[in-house]
Each structure stands twice: as C-alpha cells, then as structure tokens.
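Chemist: Structure provided below as structure tokens; questions to follow.
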Amino acid sequence: MKKTVQVLGLLFCLGMASLLVAFVWKKPDAALPSQSQASPPNILLIFVDDLGWADLSSYGSQYYETPNIDALAASGVRFTDAYAAAAICSPSRSALMSGKYPARTGITDWIRASFQNAEARYDGKNKKEYERDLTQRLIVPPIPFELPLSEKTTAEYLKEQGYFTAFIGKWHLGLETHYPDKQGFDVNIGGCDFGQPPSYFDPYENGRTKGIPNLPPRKTGEYLTDREGDEVIDLIRKNKNGPFFINYAPYAVHTPLGGKPELIAKYKAKPAAKGQGNPVYAAMIESLDQNIGRILAELKAQSLLENTLVIFTSDNGGLEGNQKNPITNNPPFRSGKGFPYEGGIRVPLIVSWPGQIAPRVSGSPTITMDIFNTILETAGVQPDRAIPNDGVGLLSHLRTGKPLPTRDLFWHFPHYRYEEVTPYNIVRSGYWKLIHNYEDDSDELYNLKDDIDETRNVAVRLPKKRQELRGKLNGFLERTGARVPVPR
C-alpha cells in the first residue's frame, strides 16, 4: 500500500511537472514571432533617392513593376503613414544619420556640392547670417556646409559594438572632409558631396563633372544601379560572418533620368496609369528593384536572411516634374518633392526580418529619425542620453504590433523652392495637419482622415484647432532652436 501511494505520488508530481512545462513552453501566437536569433544581427538599410510613396506596385502603382520590393513588403511590415524628415534630400539624410530633426542641426535645405559653391555664394568657410535675394519677400537662414563631425552617427554607434560598417551610394552631407569614412563608415563607395550622379552610365561623366568620387570607372557603359548592387553583394560576401551594417543609398531614382534601353522600350509599350507613364523613370525603378532582388538573394544564399534586419525607405516624396517633362505622380496624395503636402513628405517604409517580424500592414505614423533609433535598438545600443534624440525605436511595434507612442510630427523648411514653394513649416497631430506659410502668415488646415488629398482647407472654419496647432509649431521651433525667415 505504501509503495502504491509512493508511485501515485510520483505520477502526480510528474503530471504536474508536465502541465507546468506545457504552460511555460506554450506555442507562441502566430502573430508574435520568436525573438531568439543569432547575435548580433546584421542590418541592411536601403535609403532610396526621390522614390515616391506610390512608386511601388505594393503601394498601388499600376505602371511601375517592383516584384522584388513587393516580396520584401509581403515578408515584413509595410507602413502606410511613414514620413521623410523633409521634402528634400540633405535634411532627411542628416536626420537619418543623427536621429535629430533637421531644424535642430540647421540642415533644412539641400547642401551644395563643391562645384556649386560659387553659384550659391558659398566658399566652404564663410557664410552669411542670412541669405539675401532681392526677388524674394523674405530673407532666409543659411544652412551648414555639412553634417558636423560632432554628430554621432549610426555607423559610429555600431562600430563601437564591433560592427563592420559600409556606405554605398549617395551621401550629400558635406565636402570631402565630411564624407562617410569620416563619420564612422569603414568603407565608402560612391559617397561624396554630389546630390545626383553626373550620369547613370560608366564612366559617370557629363560636361560639368567627371566621374563620381570613391567610385572609379570599371566598365564603359555599365549602369550605375547595377554597379552599386554588385558592391553591396561583394561586401555581404566578404563580411558574411558579421555583424555588418550596410547603408545602401542608391543614387536612383534622382535626376538626371537615365535607364537601360531595353527597359525603356518595355515601358514605352505599356499604357500610363494614375498619372504615371514616364518610361525612363519606370526603367530606373525596375533596375532598382532588380538589384534589391539580387541583394536579398545573396543574403539568402549566405543563410543570412533570418539574422538580418532589412529596412527600405526613401528620403522624400516623388518628383513630379512639370507638364512638359512629367516624371511621376503620387496618388492619392497632393503634389510631390519639395512641397509641404503629403506627396512631398510621405514615403514608402518596409521593414523585414524573417522569424522576428510577422508580415502585416501598419498605419502608425513614423518619421526618418525612428530608423536611427530602430537600428541602434536592433544592435542592442543605447543612444547617448546627453544628445537630443527626436525618434523612437520601432522594434517592439514591429514584433508585437504594440502601438507607437502618441506624438506630433514636425517639418521646418524656411527656404524657397521652385516658383511655387515658399518658406513653411508643418505639424501633424493625430489626423490633423497644419501648414504654416511664412510669407503671408497664413495657415492651411487639413483632416487627413477625411481629406487625404488635402483639397479642403478648414483653417478659417476651425480657428481653435488652428490656434492649438500653431502653438505646437511655435513650441517645436523653440525647443529645437530652429532658425526662421525674417522680413527683407
């Protein structure tokens, strides 16, 4: 009897232990992928130039063909409300590297290349307190010549963690003394002061500029996007034992437009759709997509996909061009690059990490500085608390769908651009968006939930909301030390 009781007791204990194990090791919900992975993870950041929100078929284009980027979107989180930190390039790039609003660094306009300094009245050493142009109603603040070396970049943070760091493509954050290799990148291929390539075909020359610094000619006629793709693949192979951080910033799809003849011919035979119909621009997008496909295939071939965070986005909205020379269209949004409307600042954002991030679509608003924080978070790095940081890490949101903190987003552009764009700043608060125009001290107020194409300005009808958002803008300008235009 005593032996029977002991046996029953043992069975009871084993049974309880089994239940406990079953409880502890309960199969995770399908929406919450396992967070175990080889450590530390690799990071591939793809930061495209001038690619619009609607320039991908996964974002609604019926003209451009982007099967590889669409597959990336299907494997991860596709954001619908992602924003660039500015409607033009250098400010967004400074925000990506520093984690700060452009208003904080003062880089609120594009930085001139060395060959443009004379026409911009810059000498690389001296700058005026304000830029005076007698044709403009306001005097606008100048911008720094570069991202200061004192700014601690993502590459510098990750290099401290033992990462190999590489930059490929467009830098546009200063002259040679401030190139990527001076900002924490072990390798710099093509990164220089240029805002666009002289040409998309080797030897990358035009009548004004010969070649791209840090990218020596290799094969006459070779397409630049293919060359950049080869360089990324070569770096992956050489550093497959990781960890690596590769910042791939293709010069595409910035002007001057130039595509492969066979792809241009393909799109000439294809009917336009939703205002998109430029065959050269379409050819450039397809070449970009092909090379991203090649890079992702290399990660898979090296068994690195499940240990690599891949982030894909753009530095600003798509360039519309004009009636004579249309480039792209950004439906359903109004306008494009340079403008304060959604077509100028809303961009595609795709984040993929197989086994770590479950595929879904996110409507949470994000902005460029969040990428800075997400990269550090992924590498297990804490940003320096003594340095202002304007972004949030997205990793928890990506893994669990947990909402991002409620916050307002801001833009500051105290400059003139084209004939139509005058100095402005913006706040998005919830679904409300206010654009303040400096020239006449006027405001535009839109409800993005009901008026996504920003055609119904309700600033006069809703003075309290207008006043509330103007107050938020003023607080932002004060916090960041932003410089504003002054009367002439």
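Chemist: So, in the range 408-434, of the ones that are charged (D, E, K, R) and modelled with pLDDT under 95, which residue ends up least open to solvent (accessible area, probe 1.4 Å)?
Modeler: If we filter the range 408-434 for residues that are charged (D, E, K, R), which is where we start, we get 408, 417, 419-420, 428, 433.
After this cut, where a residue has to be modelled with pLDDT under 95 as well, the list is 417, 419-420.
Values: ARG417: 37, GLU419: 177, GLU420: 127 Å².
Selected residue: ARG417.
Chemist: I've got another one for you. Only residues in the range 397-414 that are among the acidic types (Asp, Glu) count as the first member; pair them with residues that are in a strand (DSSP E or B) and surrounded by fewer than 15 Cβ atoms within 10 Å (Cβ to Cβ), Cβ under 7 angstrom, at least 6 apart or cross-chain, and list the lot.
Modeler: none
Chemist: Among the residues of the range 218-227, write down those that are buried (at least 20 other Cβ atoms within 10 Å of the Cβ) and either part of a loop (DSSP other than H, G, I, E, B) or aromatic (Phe, Trp, Tyr) (or both).
Modeler: Narrowing the range 218-227 to residues buried (at least 20 other Cβ atoms within 10 Å of the Cβ): 223-225, 227.
Listed by number, the list holds a single entry, TYR223.
Chemist: Right, something else. Taking the range 199-217, which residues are under 23 Å from the mean Cα position of the chain (by Cα), assigned to a strand (DSSP E or B) and among the aromatic types (Phe, Trp, Tyr)?
Modeler: Listed by number, the list is empty, since nothing qualifies.
Chemist: For the structure I just gave you, tell me whether LEU473 is surrounded by 16 or more Cβ atoms within 10 Å (Cβ to Cβ), in contact with a helix residue (DSSP H, G or I) (Cβ under 9 Å, 6 or more places away or on another chain), part of a helix (DSSP H, G or I) and touching a residue at least 24 places away in the same chain (Cβ under 8 Å). Show your work before the answer.
Modeler: Working: surrounded by 16 or more Cβ atoms within 10 Å (Cβ to Cβ): yes; in contact with a helix residue (DSSP H, G or I) (Cβ under 9 Å, 6 or more places away or on another chain): no; part of a helix (DSSP H, G or I): yes; touching a residue at least 24 places away in the same chain (Cβ under 8 Å): yes.
Against the criterion (surrounded by 16 or more Cβ atoms within 10 Å (Cβ to Cβ), in contact with a helix residue (DSSP H, G or I) (Cβ under 9 Å, 6 or more places away or on another chain), part of a helix (DSSP H, G or I) and touching a residue at least 24 places away in the same chain (Cβ under 8 Å)), LEU473 does not qualify.
Chemist: Filter the range 195-217 down to residues that are in contact with a strand residue (DSSP E or B) (Cβ under 8 Å, 6 or more places away or on another chain) and closer than 25 Å to LYS159 by Cα and give me whichever is least open to solvent (accessible area, probe 1.4 Å).
Modeler: Ranking the qualifying residues of the range 195-217, first place goes to LEU215.
Chemist: Any chance you could count how many residues in the range 436-466 are open to solvent by less than 30 Å² (accessible area, probe 1.4 Å) and over 20 Å from GLN136 (Cα atoms)? Reasoning before the result, please.
Modeler: Filtering the range 436-466 for residues open to solvent by less than 30 Å² (accessible area, probe 1.4 Å) gives 436-437, 443-446, 448, 451, 454, 458-459.
Remaining after also requiring over 20 Å from GLN136 (Cα atoms): 444-446, 448, 451, 454, 458-459.
Residues in the range 436-466 being open to solvent by less than 30 Å² (accessible area, probe 1.4 Å) and over 20 Å from GLN136 (Cα atoms): 8 in total.
Chemist: Within the range 394-407, can you find the residues that are out of contact with any His (no Cβ under 9 Å at 6 or more places or on another chain), more than 18 Å from SER314 (Cα to Cα) and open to solvent by less than 50 Å² (accessible area, probe 1.4 Å)?
Modeler: At the first step, the residues of the range 394-407 found to be out of contact with any His (no Cβ under 9 Å at 6 or more places or on another chain) are 394-402, 405-407.
From what's left, more than 18 Å from SER314 (Cα to Cα): 395-402, 405-407.
Across the range 394-407, the qualifying residues are LEU395, HIS397, LEU398, ARG399, GLY401.
Chemist: Could you please let me know if VAL347 is modelled with pLDDT of 95 or more, touching a strand residue (DSSP E or B) at 6+ places or on another chain (Cβ under 6 Å), more than 20 Å from ASP453 (Cα to Cα) and among the aliphatic types (A, V, I, L, M)?
Modeler: On the way: modelled with pLDDT of 95 or more: yes; touching a strand residue (DSSP E or B) at 6+ places or on another chain (Cβ under 6 Å): yes; more than 20 Å from ASP453 (Cα to Cα): no; among the aliphatic types (A, V, I, L, M): yes.
Taking the combined requirement at face value, the residue does not satisfy it.
Chemist: Right, another one. For the subset of the range 228-267 comprising residues that are touching a Pro at 6+ places or on another chain (Cβ under 7 Å) and farther than 30 Å from LEU309 by Cβ, which member is least open to solvent (accessible area, probe 1.4 Å)? Quick ask: steps written out before the conclusion?
Modeler: Within the range 228-267, the subset touching a Pro at 6+ places or on another chain (Cβ under 7 Å) is 228, 243, 251, 264, 267.
In the following step, the residues that additionally are farther than 30 Å from LEU309 by Cβ were identified as 264, 267.
Working: ILE264: 28, TYR267: 2 Å².
Restricting to residues being touching a Pro at 6+ places or on another chain (Cβ under 7 Å) and farther than 30 Å from LEU309 by Cβ, the top hit is TYR267.
Chemist: Give GLU286, GLU320, GLU342 a once-over and let me know the one that is more than 19 Å from ALA86 (Cα to Cα) and of a type in the set (Asp, Glu). Talk me through it step by step, then tell me what you get.
Modeler: Values: GLU320 fails: more than 19 Å from ALA86 (Cα to Cα); GLU342 fails: more than 19 Å from ALA86 (Cα to Cα).
Going through GLU286, GLU320, GLU342 in turn, just one is more than 19 Å from ALA86 (Cα to Cα) and of a type in the set (Asp, Glu): GLU286.
The values are calculated or read from the model by the stated rules, or taken from the named source; none is laboratory data. Since we're looking at a predicted model, the values are computed, not measured. Here Cβ is always computed from backbone atoms with ideal geometry, including for glycine, and neighbour counts include all displayed protein chains. Just so you know, the surface numbers come from the protein's heavy atoms only, side chains and all, with ligands and any DNA or RNA stripped out. Shrake-Rupley method; radii C 1.70, N 1.55, O 1.52, S 1.80 Å.
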